[in-house]
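Reviewing the structure listed below.
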Amino acid sequence: MDERILEFIGDLRRAELRISPSEALDALAASAEVGLTDRETFKATLAATLVKESRDLATFDRIFNLYFLDLEALGEGIKKALGPEDPRVQELLDRLVDEEGLELDDLTELLMRGEGSEMEMAIRAGGQNAGLERLMYFLQVGYFSRKISDKFDWSAIERDIEKIMRMLEARGLDPGQLARIRNYLELRLEAFNRMIRQHVERELERRAYRQGEKLTREVLSDKPLFALTPEEVAQMKNVVARLARKIKDALALRQRQEQKGRLDTRRTIRKSLSYGGVPMEVFLKRRHREKPKLITICDVSDSVRNASRFMLQLVWSLQECFSRVRSYVFVSEIAEVTQAFATYPVERGIEWALKAAPVDYHCRSDFGFAFSRFANTELESLDRKTTILVLGDARNNYNDPQAWALRLIRERVKGIIWLNPEGQWGWGIGDSVMPMYAPACDLVRECRTIGQLGEVVDNLVYHWWRRGR
């Protein structure tokens, strides 16, 4: 069971739950204390030691159910499959074994008792070295079922059954009673074989779920944002949330490492000279880094609305990485939506920003007008700790680009990063004015997929943060 729990923890980690080695040891110790008698108690014990955030509970429950069956329900299912119980036959078999002192194969005794949970544990033990890690397709179920079946000594079981039947016949049981007992044992033998196949099918389901979830994340991460269906947009919210947690976890680790400081060679050697350098007294040098301020300016016209949705979700999920985050949306008019995130949960705040902000969502995009209004109203609030993150395709509908406004903004801030959801092949073609805005930007990146968006934001919270002014 310890191996099963560790394998379960491995799948939780692959599902991006943060579980430390000490927490894994706590789970093993706690589960050993409570045992497996009560499944709900066992589940609650693992959850208490492994799950740190409520949003991870759904993932925990889903994977737990794939790993740990409800053995009580399984036993009830087997009893139902075997038909009505036959207490007289069971009593007769038990008395025969006790009186004659029969030495039977372990599996034969298991079949005679018919305990579903014990049958399942025997099958799981038999499958440990059957190579189930290579199980990937449904067509392999029969092959691996036979491999597990071959782990059991069926000839010994058949000999035991024949021995039991001869002894019962010697005791004078009539042919009808003998047929009834043989049918009772054969039904349990069939049920055991069915359970082997069901075990392999569950293992396939568990592996298929893990691979399927990973494949879904990879496909969505590389799919152009403008091509997402409504169903994929809903799925993408979870992908973005996972991405945000991954970035935060990596940043937290880097910060802990930096807090220790780096070796100050000069001070260490100078101090150690007074006593010959043995023992050496180590000095570290630390560098205090201030969190940056961030302003996001998102085009929310129909062509790039999905990109803006996910950038707002990602940035606001990471806002503790910044000292302050302010967000603006525009089509032609520009409006601040920061207050919506302070008032509503993130998801509802994003929906408000994309549908209910004081801008005309149905007009044609005018980047020049939006930038000039921002420069006229917000310039005094900008400083050298502020980074501007712009998301838009720079399709200006042949309006005046007013590039001077972006250059003026750049003079007041640490830098401007522009993310363009359109492929580079389209920059400067038609009504695209990206080449006119690019000189005022410190970084211009194509951002057609959520994977590219994650790379840019990860660069922002780590490398850009550490760049000199």
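List the residue pairs whose Cβ atoms are under 8 Å apart, where the first residue sits in region 169-192 and is under 13 Å from Leu93 (Cβ atoms), the second is of a type in the set (A, V, I, L, M) and assigned to a loop (DSSP other than H, G, I, E, B), and the two are 6 or more positions apart or on different chains.
What qualifies is Ile181/Leu173.
Does Arg364 satisfy the criteria of being over 21 Å from Lys414 (Cβ atoms), in a helix (DSSP H, G or I), in the same structural domain as Ala405 (by TED's automatic domain parsing) and out of contact with any helix residue (DSSP H, G or I) (no Cβ under 6 Å at 6 or more places or on another chain)?
When the stated conditions are applied, Arg364 does not pass them.
Results for (1) outside the structural domain of Val456 (by TED's automatic domain parsing); (2) charged (D, E, K, R); (3) over 30 Å from Asp393 (Cα atoms); (4) at pLDDT 70 or above, shown as yes or no for each residue.
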residue: Lys246; (1), (2), (3), (4): yes, yes, no, no
residue: Gly261; (1), (2), (3), (4): yes, no, yes, no
residue: Leu273; (1), (2), (3), (4): yes, no, yes, yes
residue: Gly277; (1), (2), (3), (4): yes, no, yes, no
residue: Glu281; (1), (2), (3), (4): yes, yes, yes, yes
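Is it fair to say Ala370 is among the small types (Gly, Ala, Ser), touching a strand residue (DSSP E or B) at 6+ places or on another chain (Cβ under 7 Å) and outside any loop (DSSP other than H, G, I, E, B)?
Criteria met by Ala370.
Inside region 350-375, can you point out the residues that are over 14 Å from Arg305 (Cα atoms) and among the aromatic types (Phe, Trp, Tyr)?
Phe367, Phe369, Phe371, Phe374
Going through region 164-203 one residue at a time, which ones are among the small types (Gly, Ala, Ser) and either within 30 Å of Phe64 (Cα to Cα) or not in a helix (DSSP H, G or I) (or both)?
Gly172, Ala191
Name, by its number, the condition in (1) surrounded by 17 or more Cβ atoms within 10 Å (Cβ to Cβ); (2) under 18 Å from Ala438 (Cβ atoms); (3) free of Cβ contacts under 8 Å to residues at least 60 places away in the same chain that does not hold for Trp404.
The number of the failed condition is (1).
Restricting attention to region 415-432, report how many residues are part of a loop (DSSP other than H, G, I, E, B) and either β-branched (Val, Ile, Thr) or surrounded by 20 or more Cβ atoms within 10 Å (Cβ to Cβ) (or both).
3
Within region 433-457, which residues are over 12 Å from Met311 (Cβ atoms) and in a helix (DSSP H, G or I)?
Met434, Pro435, Met436, Tyr437, Ala438, Pro439, Ala440, Gly451, Glu455
From the residues in region 411-448 that are of a type in the set (Phe, Trp, Tyr) and touching a residue at least 24 places away in the same chain (Cβ under 8 Å), which one is nearest to Ser303 (Cα to Cα)?
My answer is Trp427.
Output the number of the condition that Asn397 fails; it satisfies all remaining conditions of (1) closer than 19 Å to Arg445 by Cα; (2) in contact with an Asp or Glu (Cβ under 6 Å, 6 or more places away or on another chain); (3) of a type in the set (S, T, N, Q).
Exception for Asn397: condition (1).
One line per residue, one yes/no per condition, for (1) buried (at least 17 other Cβ atoms within 10 Å of the Cβ); (2) closer than 24 Å to Asn420 by Cβ:
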| site | (1), (2) |
| --- | --- |
| Val337 | yes, yes |
| Pro345 | no, no |
| Lys355 | no, yes |
| Cys363 | no, yes |
| Phe367 | yes, yes |
| Phe374 | yes, yes |
| Leu382 | yes, yes |
| Thr387 | yes, yes |
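Take Leu220 and tell me if it is surrounded by 17 or more Cβ atoms within 10 Å (Cβ to Cβ), modelled with pLDDT under 80 and part of a helix (DSSP H, G or I).
yes
The values are calculated or read from the model by the stated rules, or taken from the named source; none is laboratory data. All of these numbers come straight from a predicted model, not from anything done at the bench. Please note: Cβ atoms are built from the backbone with ideal geometry, for glycine as well, and neighbour counts cover all protein chains shown.
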